[in-house]
1. Just give me the residues in segment A:169-201 being in contact (Cβ under 8 Å) with a residue 40 or more places away in the chain, within 16 Å of ligand 1 (Cβ to nearest atom) and either under 16 Å from A:Ser231 (Cβ atoms) or among the hydroxyl-bearing types (Ser, Thr, Tyr) (or both), in sequence order.
2. (1) within 14 Å of another protein chain (Cβ to nearest Cβ); (2) more than 16 Å from ligand 2 (Cβ to nearest atom): which one isn't true of A:Thr229, the others all being true?
3. Among the residues of segment A:220-253, write down those that are open to solvent by 50 Å² or more (accessible area, probe 1.4 Å) and part of a helix (DSSP H, G or I).
4. If you go through segment A:124-135 one residue at a time, do you hit one that is within 14 Å of chain B (Cβ to nearest Cβ) and either surrounded by 10 or more Cβ atoms within 10 Å (Cβ to Cβ) or not in a helix (DSSP H, G or I) (or both)?
5. For segment A:186-219, enumerate the residues that are surrounded by fewer than 18 Cβ atoms within 10 Å (Cβ to Cβ) and either touching a Ser or Thr at 6+ places or on another chain (Cβ under 8 Å) or not in a helix (DSSP H, G or I) (or both).
6. Does A:Glu61 fit the bill of being within 14 Å of chain B (Cβ to nearest Cβ), away from ligand 1 (no atom under 16 Å from the Cβ) and at negative phi?
7. Checking A:Gly159 against (1) open to solvent by 10 Å² or more (accessible area, probe 1.4 Å); (2) within 16 Å of ligand 2 (Cβ to nearest atom); (3) at positive phi, only one condition comes out false. Which one?
Amino acid sequence: MSEKKTVKFIIARQDTPDSAPYEETFEIPYRPNMNVISALMEIRKNPVTDKGQDTTPITWEMNCLEEVCGACSMVINGKPRQSCSALVDQLEQPIRLEPMRTFPVVRDLQVDRSRMFDSLKKVKAWIPIDGTYDLGPGPRMPEKKRQWAYELSKCMTCGVCLEACPNVNSKTNFMGPAIFNQVRLFNAHPTGEMNKAERLNAFMDDGGMQGCGNSQNCVQSCPKGIPITTSIAAVNRDATMQAFRNFFGSDHD
Amino acid sequence: MAGNREFFNRRLHSLLGVIPIGVFLTQHLVVNHFVTGGPDSFEKAAAFMGNLPFRIVLETVIIYLPMLFHAIYGLYIVFTAKSNVKNFGFFRNWLYVIQRITGVITLIFIAWHVWQTRVADALGTADVSYEMMHNILSSPVMFVFYLVGILSAIFHFANGLWSFLVSWGITVSPRSQVISTYVTIGIFVILSIVGIQTLIAFVS
Ligand code: HEM
Ligand code: SF4
Ligand code: FES
C-alpha cells in the first residue's frame, strides 16, 4: 500500500461572487500524464476533502483543452496559466489552485473576463467592412507581414497578462497589456489601417492605454509568446504621433 | 469619449522626469563635483549658478514646479500599483519596484535637502556654502542619508530614462531595449561616481 502515489491539491473556494474565499485540500490517486483539469475532473467525481468531508464539486471553466481558447486560465502555484496544459508531473506539490483575482470571481476558479472583451469593443479591435453593397476585395497584405501579424492574432484573451501586471487592479482603470497587441494588429492590417486614428484615439482616452509602468511581466507570462512589450512601445509611438496630430492639426486623418 | 486627461498627465509626468528634472539633476551633480578641486573651486561654480539672472524664475520654472508635479503624480502612480515581485521575480519587474521605492526615497531626501539648504538660507538661519555642506556631511548619519538619497535619485533617473524611451515609443524592438538597458546602467555608474566623489570631497 505504501507505494500508492497520490497528488495533493490546495484549492481556493468561493461560493458566490461576494462571499469570502476559503481553502480546501484534496488528495487524489496519481495517474501518469495527468494535467490539472483531469485532476479537477477526478475530484468532481467524488468531492471529498483530504479530511474525508463531503463538499461541493469545484467550479472552473474549460473549452478547447489544447491551450487555444484561454477559458481554463487560473493561478497555479502562484503563476497564472492554462490549467489544461499544466502537467501535474511538472508541478511542485501540493499544487495550489486559485482564481485569477484580477477579474471578478464568479465561483471557485471561474472568473468573469468580460472587461477584456469590453476593452476590445472600445478600441474597435475589428475591421469594419459591413455596408449596403459589396466593397470588392481589399488591399493585399504582403506575406511577410501576414506571418508577423499572425503572431499577434494568436492572443486568446486568456487574461494571464492582466493577472501578471502590477498596474491592472481595482485602483486603476488601465485596460491591460493584451489590448496593445490588438490595436497594433488591426492598425497594421491594410484595411484596418483606414480606421487607425479612430482606434488610437479610443485607446488614448481615459481608462485605456495609460497605466503601463514597464514591469514587462506580461511578455514573460504570455503562453502564446506574443511580443507584448514590443506592441506596447509601438503603440506608444503611434499614440505620440497621434497626439501631435490631434494638437497641431493634420491635413489628413 | 471619456477625454484624455490621463494620457496628458502621464506623458507630462514622463517628460518632466527627463526635461527639466533629469537635466537639472545631472547639472547639479556636475556643478557640485567642482568641490573635488577644493572649496574655492566649489564656491566659484556655485556662485556662477547662484548669480544667474532671474534666478528665482529659473528655479521655479525649471525645478520647483516640474518637481512638484512629478512628485505628486509619481506618488499617485506608486499607490495605484500592486507589486508582485514575489510571484514574478523578473529583472524588469524588480527594476519596476525599485523605480517606485527610489522615487519615494528621493522625495523624502529632496524635501529634507531643500529644507536644510535653500529654506534655511531663505530664513536667514544659515548660508549655503562649502562650510555648510562640510558641517552637514561631517555627521556620519547625514553622510549615509545623503549617500542613499543621491544614489536613489540617480538610479531613479537612469532607470526612468530607460522607461521614458519606451513610454514615448523611441525604443520599440527588444534589442533596442536591451541596448538602452546597458546605456542607462552606464549613466547610473558614471553619475554615481560623480556623486560619491563629491560627497567624499566635502568631508576630506
Ligand atoms: C531627482 C528627481 C527625479 C527625477 C530625475 C525623476 C525622473 C524620472 C524619470 C525620467 C522617469 C521616467 C518616466 C517614464 O517612465 O516615462 C520617472 C518615473 C517615475 N517617477 Fe520620477 N523622478 C524624480 C523624482 C521622483 C519623485 C520625488 C517621485 C515620487 C515618488 C517620483 C516618482 C516616479 C514614478 C512613480 C515613476 C514611474 C512612472 C511610470 O512608470 O510611468 N519621481 N522619474
Ligand atoms: S496577450 Fe498572451 S497572456 Fe495576454 S491575453 Fe493574449 S494570449 Fe493571454
Ligand atoms: S481549455 Fe482552452 S486553453 Fe485550456
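1. Going through segment A:169-201, the residues in contact (Cβ under 8 Å) with a residue 40 or more places away in the chain turn out to be A:169, A:175-192, A:195-201.
Narrowing further to those that are within 16 Å of ligand 1 (Cβ to nearest atom): A:169, A:175-177, A:180.
Scanning segment A:169-201 gives A:Met175, A:Gly176, A:Pro177, A:Phe180.
2. Of (1) within 14 Å of another protein chain (Cβ to nearest Cβ); (2) more than 16 Å from ligand 2 (Cβ to nearest atom), only one is false for A:Thr229: (2).
3. Result: A:Gln220, A:Arg237, A:Met241, A:Phe244, A:Arg245, A:Asn246, A:Phe247, A:Phe248.
4. To start, the set of residues in segment A:124-135 that are within 14 Å of chain B (Cβ to nearest Cβ) comprises A:124.
Still in the list and also either surrounded by 10 or more Cβ atoms within 10 Å (Cβ to Cβ) or not in a helix (DSSP H, G or I) (or both): A:124.
Yes, there is a match, as at least one residue in segment A:124-135 is within 14 Å of chain B (Cβ to nearest Cβ) and either surrounded by 10 or more Cβ atoms within 10 Å (Cβ to Cβ) or not in a helix (DSSP H, G or I) (or both).
5. A:Pro190, A:Thr191, A:Asp206, A:Gly207
6. Numbers: within 14 Å of chain B (Cβ to nearest Cβ): no; away from ligand 1 (no atom under 16 Å from the Cβ): yes; at negative phi: yes.
The answer is no for A:Glu61.
7. (1)
Yes/no matrix, rows are residues, columns are (1) within 16 Å of ligand 3 (Cβ to nearest atom); (2) touching a helix residue (DSSP H, G or I) at 6+ places or on another chain (Cβ under 8 Å); (3) within 28 Å of B:Phe88 (Cβ to Cβ):
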position	(1), (2), (3)
A:Pro17	no, no, yes
A:Tyr30	no, yes, no
A:Glu42	no, no, no
A:Asp50	no, no, no
A:Arg81	yes, yes, yes
A:Cys84	yes, yes, yes
A:Pro99	yes, no, yes
A:Asp112	no, no, yes
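The values are calculated or read from the model by the stated rules, or taken from the named source; none is laboratory data. Remember, it's a predicted structure, so these values are computed and weren't measured experimentally. No Cβ is skipped: glycine too gets one built from the backbone with ideal geometry, and neighbour counts run over all protein chains shown. We work out accessible area using only protein heavy atoms, side chains counted, and drop any ligands, DNA or RNA first. Shrake-Rupley method; radii C 1.70, N 1.55, O 1.52, S 1.80 Å.
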